[in-house]
1. Amide H to amide H, which residues 5 or more places from VAL24 or on other chains are under 5 Å from it, using H placed in the peptide plane?
2. So what is the relative contact order for the chain, in percent, with contacts set as C-alpha pairs under 8 Å and at least six apart?
3. Could you give me the radius of gyration and the Dmax of segment 1-45, taking only the C-alpha atoms into account and expressing both in angstrom?
4. How high is the relative contact order of segment 34-102, given as a whole-number percent (alpha carbon pairs under 8 Å, six or more residues apart)?
5. Taking θ as phi - 60°, what are the ³J(HN,Hα) couplings along segment 62-76 by the Karplus curve (6.51, -1.76, 1.60), each to the nearest whole Hz, with x for Gly and Pro?
6. Given bins 10 angstrom wide, list per bin the percent of all Cα-Cα distances in the chain, short to long.
7. With each pseudo-label sitting 7 Å past Cα toward Cβ, what's the ALA65-MET114 distance in nm, one decimal?
8. Give, as ranges by residue number, the residues of segment 51-72 whose backbone N falls under 17 Å from the point 7 Å along Cα→Cβ of GLU18.
Amino acid sequence: MDFAYDDQNIFAKILRGEIPNKTVYEDDYALAFHDIAPQAPVHVLVIPKGPFMSLDHFTRDASDAEITGYMRAISKTCEMIGVEDGFRAIANARAQGGQEVPHLHVHLLAGRPMGPMLAP
Ligand code: 5GP
């Protein structure tokens, strides 16, 4: 599959500091910030710093250090937001996955029961 990354996507602009964000956690590999339109009491997006469109792109082409760093950043973000009562992690990909922004992001949703995994 050809993953053609568009560096004009909104999360690329956030990573370059061209658009502000409410940062929860940041390190060399990842940035975590509050979603602009939260779907739960806590709704945070965790994105890798590299130019990856989706989870399958990232896990195919990212280096081992990038993959480990990103996963550890998700763990750090969970610590920051407090997920003792549980949470849901979602990574939408492309059209049928409902992805709007073509830069990999994991949604971390918490603060209420999440209900069924998928709408009927
Ligand atoms: P997707 O549908 O691609 O999985 O999710 C994209 C998410 O990005 C949506 O939940 C949307 O609310 C969020 N989003 C879109 N634009 C911005 C923005 O400029 N700032 C922030 N913080 N979130 C955004």
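Computed from the coordinates by the stated procedures, all read-outs in this text should not be read as laboratory data. Small disclaimer: the values here were computed from a predicted structure and weren't measured. Please note: Cβ atoms are built from the backbone with ideal geometry, for glycine as well, and neighbour counts cover all protein chains shown.
1. ALA32, PHE33, HIS34
2. Working: 184 pairs, mean separation 36.2, N = 120.
For the chain, the relative contact order is 30 percent.
3. Cα radius of gyration and Dmax of segment 1-45 are 12.2, 36 Å respectively.
4. Details: 32 pairs, mean separation 20.5, N = 69.
Computed over segment 34-102, the figure is 30 percent.
5. 6, 6, 4, 5, 5, 5, 4, x, 5, 5, 5, 5, 4, 4, 4
6. 13, 46, 34, 6
7. Each label point lies 7 Å from its Cα, and together they span 3.1 nm.
8. Once the point is set 7 Å along Cα→Cβ of GLU18, 51-53 turn out to lie under 17 Å by backbone N, inside segment 51-72.
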